[in-house]
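Worksheet: the structure to be examined is printed underneath.
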Amino acid sequence: GLPNLEYLKLKYLRVRLNGNPLAPLSNLKVLVMATGDLPAIPTDMLTGLPMLMGLSLEENNIETIPANAMSNLGELKELDLSKNDISTMEEGAMAGLDELEVLDLSLNSFTTTPKGLSGLKSLKRLNMDYGFELKTIDPEALKDLEELEELTMRFCDIDELKPGSLDNIPEIKALRLDGNNLRNVPKGVFNKLMSLDELALSSNDIETIEAGAFNGLRLMNLDLSRNTELKILPAGVLSDMKIMSVVLSGCGISEIKPEALKGLKTKRLDLSDNKLKKINVGDMAGLSVKELDLSQNQIEEIAKDALKDSNIKKLEIAENPLKEKDPAAWGLTGVMSE
């Protein structure tokens, strides 16, 4: 009967519910009340659902999350509040959610990083895509998120990263900041994130990256693609990194500074779809890579012995106006080139 029901989906609900119609469902594990016209968190309705582990209030008309709105849901692990119009999250809004691991706040209307997030000590994944009109990340809002492993803040109008702004989430493994308005990547933002595997900064307006910005990281994947204002690949940014993949495709890179790639060891370096016209001696010096993609540039010439001081297993060079194609003259031996 109803007392044993564990999953309930109420989608497109356009009626007002009087009293507490869910009171008999004390064993409910998952509740979906999505794509309706809920104006607020149904706190009274949730009080009789202490076993709830998953709650979706996606795509309603919620504007505010008050303090203690869900404080009785001590077993809740996943909470979806995406596609609402939330602009305010009071301090203590997430009080009592001690087991919460996944929180989706994407597609809302925050103008500051909500302070009500702090203290979610079990939270592992936090999605705030398209949910904000921020200028920067407030470190206080991320305070005490000790277990956070994945933070996604794509298309949030962030235009500045301040040193120390991410120091409160030292266990983060994946950080996605694509599609913001960042112009500079300074040193001191990421350097303490020793567990970081994936860093995505694609489709920003990045013009400059400070030397040492990625020092000390043990990244697997770094995505800087489609930063069309990044004209120069400077020295000291990728130097001495050991990483699975670096993606710099679709930027505006027309110059690689000497020793910019010195000591970089990676399986794949993607420099395709840039504005490189010539590969000079020293541009790739000290690079060790299994696959180097230089396709879809404007390369007319690769200087004699330009690749001699690098270790390249495979070179992709298609869709360039090269006058001569002679890997041996470039300093490559036994390398596949396409």
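Worth pointing out:
- Flag not set for Thr35, criterion: of a type in the set (Val, Ile, Thr), in contact with a Ser or Thr (Cβ under 7 Å, 6 or more places away or on another chain), at pLDDT 90 or above and surrounded by 15 or more Cβ atoms within 10 Å (Cβ to Cβ).
- Where a residue in the range 132-150 is closer than 17 Å to Lys162 by Cα and assigned by the TED database to the domain that holds Asp104 and its partner, wherever it lies, is modelled with pLDDT under 90 and exposed (fewer than 15 other Cβ atoms within 10 Å of the Cβ), with Cβ under 8 Å and at least six apart: Glu133/Thr111; Leu134/Thr111
- Index of the failed condition, Leu79 passing every other in (1) crowded, with 21+ Cβ neighbours inside 10 Å; (2) free of Cβ contacts under 8 Å to residues at least 40 places away in the same chain; (3) over 23 Å from the mean Cα position of the chain (by Cα); (4) within 17 Å of Met128 (Cα to Cα): (3)
- Test: residue in the range 216-229 that is surrounded by 18 or more Cβ atoms within 10 Å (Cβ to Cβ), within 23 Å of Trp330 (Cβ to Cβ) and not hydroxyl-bearing (Ser, Thr, Tyr): no
- Within the range 238-257, the only residue that satisfies the criterion of being within 17 Å of the chain's Cα centre (by Cα) and part of a loop (DSSP other than H, G, I, E, B) is Leu248.
- Number of the condition not met by Ser26 [criteria: (1) surrounded by fewer than 19 Cβ atoms within 10 Å (Cβ to Cβ); (2) under 29 Å from the mean Cα position of the chain (by Cα)]: (2)
- Members of the range 310-328 that are within 15 Å of Met284 (Cα to Cα) and over 34 Å from the mean Cα position of the chain (by Cα): Pro327
- Restricting Asn84, Asn72 to those that are in the same structural domain as Asp98 (by the TED database) and in contact with a helix residue (DSSP H, G or I) (Cβ under 8 Å, 6 or more places away or on another chain) reduces the list to Asn72.
- Per-region count, the range 233-244, residues buried (at least 16 other Cβ atoms within 10 Å of the Cβ) and either over 14 Å from Lys265 (Cβ atoms) or polar (S, T, N, Q) (or both): 5
- Residues of the range 257-271 classified as crowded, with 22+ Cβ neighbours inside 10 Å, of a type outside the set (D, E, K, R) and within 18 Å of Ile232 (Cα to Cα), total: 4
- Qualifying residue in the range 170-187 (condition: farther than 17 Å from Thr152 by Cβ, at pLDDT 95 or above and either assigned by the TED database to the domain that holds Asp270 or of a type in the set (A, V, I, L, M) (or both)): yes
- Cross-chain or 6+ apart pairs with Cβ under 8 Å, the range 194-210 first and of a type in the set (Val, Ile, Thr), then in a strand (DSSP E or B): Ile206/Asn184; Ile206/Val185; Thr208/Asn184; Thr208/Val185; Ile209/Asn184; Ile209/Val185
- Scanning the range 13-35 turns up no residue that is part of a loop (DSSP other than H, G, I, E, B), closer than 21 Å to Pro114 by Cα, without any contact (Cβ under 8 Å) to a residue 60 or more places away in the chain and of a type in the set (D, E, K, R).
The values are calculated or read from the model by the stated rules, or taken from the named source; none is laboratory data. Bear in mind the structure is a predicted one, so any value in this text is a computation, not a measurement. All Cβ positions, even for glycine, are placed from backbone atoms using ideal geometry, and neighbour counts span all protein chains on display.
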